[in-house]
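Encoded as structure tokens, the structure appears first; notes follow it.
Just so you know, all these numbers are worked out from the coordinates, no wet-lab data involved. Predicted, not measured: the structure shown is a model, and the values here were computed from it. Note that each Cβ is placed from the backbone with ideal geometry, even for glycine, and that neighbours are counted across all protein chains shown.
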Amino acid sequence: MKTTLYQFALCPFCNKVRAGLQLKGIPFEEVEVSPRSKVELPALPEEAPKKVPVLQVGDTVLWDSTQILSQLDQAYPETLRLTPADDATRSRADAMEQWVDDEFIQSLPPVLYGTWREAAQASKIIAKHSRFGAGEGLAVKVGGPVIMHAVAKRILKRNGRTDAHAWVHENLDYFERELGERDFVCGDALTVADVAMHGALTCISPFPIFENVQSRPVLHAWFERVEAMKKSTAEA
């Protein structure tokens with residue numbers, strides 16, 4: 001059954017879905033979607049927002065990163081389960097996934113696009129992953145940094161923040177405290193909470209802010225554990 005992920009290369013929610021697919025060992029194709037026209041998206045139901053990530057599995061179209069991962073557990077029960085069966089553990093995993101989506105991911109655009117240099121680097125990464133035509137590719141490279149930089153400034157203002165990097169550092173502190181001495185967020189087994197955070201961190205890995213992750217022994221060890229699971233699944 002063909003599986004296609006419609007994405008933006010630097011979308012944390014898309015990276016969250018990609019991490020889930022990789023950890024489950026589900027083969028998939030990636031289609032980079034133009035942030036301007038979004039013409040690459042498949043036909044969507046009327047109730048679905050016209051935004052990424054979108055996952056097409058055969059003739060079924062899924063949207064919303066949290067719902068996608070939940071439905072993958074149901075569609076591929078023989079793969080690694082991301083949603084805990086135990087009610088208490090599931091409650092914690094869901095709460096941490098929600099925190100990643102609502103709090104941590106919110107703090108990322110200003111460190112990806114906060115300066116003109118960062119915004120230009122981000123647009124190059126998007127263009128590199130795309131198959132856009134010459135006109136669309138040029139628009140992303142030239143117009144992308146302007147739009148991205150403006151978005152980053154609005155997010156900072158809306159959240160009463162002036163230092164984007166300090167905001168991310170605070171969130172990393174919080175995640176480390178929640179992780180504690182566990183191998184994964186909820187204990188010995190990986191859950192959607194780990195998938196969400198790993199996907200979000202993957203977005204910032206090409207940027208200097210990722211050095212802060214690498215400099216934190218506990219956080220870096222956790223990140224490498226998840227990476228090792230992805231590689232193990234790919235090699236199986």
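With θ taken as phi - 60° and the coefficients 6.51, -1.76 and 1.60, list the Karplus ³J(HN,Hα) couplings across the range 208-222 in order, rounded to whole Hz; mark glycine and proline as x.
x, 4, 5, 4, 5, 5, 5, 7, 9, x, 5, 5, 5, 5, 4
Which value at 222 nm does the chain reach when only helices count, each DSSP H run of 4 or more adding -39,500 (n - 2.57), with the total divided by all residues and rounded to the nearest 500 deg cm²/dmol?
Rounded to the nearest 500, the figure is -18000 deg cm²/dmol.
Rounded to two decimal places and with Rh computed the Kirkwood way over Cα pairs, what is Rg over Rh for the range 22-88?
Ratio of gyration radius to Kirkwood radius for the range 22-88: 1.01.
Within a 10 angstrom radius of the beta carbon, how do Y113, Y174 rank from fewest other beta carbons to most?
Ranking Y113, Y174 by Cβ neighbours within 10 Å, fewest first, gives Y174, Y113.
Which entry is the computed Cα extents along the principal axes in Å for this structure: (i) 54, 38, 34; (ii) 49, 44, 34; (iii) 45, 38, 30?
Correct label, based on the coordinates given: (ii).
Please identify the cysteines of the chain that lack any partner cysteine with a Cβ under 4.7 Å from their own Cβ.
Those would be C186, C203, since no other cysteine Cβ in the chain comes under 4.7 Å of theirs.
For each pair in K2/K24; K16/K230; K51/K230, compute the distance between the two Cα atoms and list the pairs where it is over 18 Å.
K51/K230
Out of all DSSP beta bridges in the range 3-75, what portion is antiparallel? Express it as a percent rounded to 5.
Expressed as a percentage, antiparallel bridges in the range 3-75 total about 65.
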